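Notes follow once the structure below has been shown.
The values are calculated or read from the model by the stated rules, or taken from the named source; none is laboratory data. Treat the numbers as computed from the prediction; the structure is a model and nothing was measured. Note that we place each Cβ from the backbone using ideal geometry, even for glycine, and neighbour counts take in every protein chain shown.
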Amino acid sequence: MADSYIEIARNKKARFDYEIIETFEAGIVLVGSEVKSLRQKKASIQESYARVKDGEIYITGMNIAVYEMANRFNHEPVHDRKLLLHRHEIKRLIGKVQEKGLTLVPLKLYFKNGKVKVELGLAKGKAKYDKRDSIKKRDVDREIQREWKNYR
């Protein structure tokens, strides 16, 4: 049976601003109104990051819009949400994050077999010249595609 995969949100700027070393899939602790809002794809992970707090990993700055039908039982749009990882993964990530210059960045948010998952990237910040190289490479690739299309 194939995994059903429905993308909710993607952090496009993460791969531009950071060099992704490794990726992890984590579950996320949510309340019902948050899940219903996510089914409507009303979420943003652009300004979010993951951090270690009390030996556990939390995602901070993720915005899940308020679900209109939930009235008084609604959730806070932006608050820390606990990520669900295996204990050995958490210990490994804590060790990596304590290294100089590494951080945890959410890359995308999606449904997998009915469960909400977040793809975390262990990342190192890019310098300004690295970003310029990325822009230059992207422009060259576009030009090649354009020429190839005209050639056909």
Being in contact (Cβ under 8 Å) with a residue 24 or more places away in the chain, surrounded by 12 or more Cβ atoms within 10 Å (Cβ to Cβ), farther than 18 Å from Q46 by Cα and touching a helix residue (DSSP H, G or I) at 6+ places or on another chain (Cβ under 8 Å), is that true of even one residue in region 78-88?
yes
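Would you please name the residue that is surrounded by the fewest Cβ atoms within 10 Å (Cβ to Cβ), looking only at residues in region 15-45 that are of a type in the set (A, V, I, L, M, F, W, C) and farther than 16 Å from K117 by Cβ?
Quick first cut of region 15-45, residues of a type in the set (A, V, I, L, M, F, W, C) only: 16, 20-21, 24, 26, 28-31, 35, 38, 43, 45.
From the residues that got through so far, the ones that are farther than 16 Å from K117 by Cβ too are 16, 20-21, 31.
Details: F16: 13, I20: 15, I21: 11, V31: 15.
Here the residue is I21.
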Scan region 125-152 and report the pairs whose first residue is at pLDDT 80 or above and surrounded by 10 or more Cβ atoms within 10 Å (Cβ to Cβ) and whose second residue is among the acidic types (D, E) and in a helix (DSSP H, G or I), with Cβ atoms within less than 9 Å and a gap of 6+ or a chain change.
G125/D17
Based on this model, can you work out whether D3 counts as loosely packed, with under 15 Cβ neighbours inside 10 Å and either modelled with pLDDT under 85 or farther than 27 Å from A123 by Cα (or both)?
yes
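Before we move on, is R92 basic (K, R), surrounded by 14 or more Cβ atoms within 10 Å (Cβ to Cβ), within 30 Å of R132 (Cα to Cα) and out of contact with any helix residue (DSSP H, G or I) (no Cβ under 9 Å at 6 or more places or on another chain)?
no
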Of the conditions (1) in a strand (DSSP E or B); (2) under 15 Å from E19 (Cα atoms), R132 satisfies every one except a single condition; which number is it?
(1)
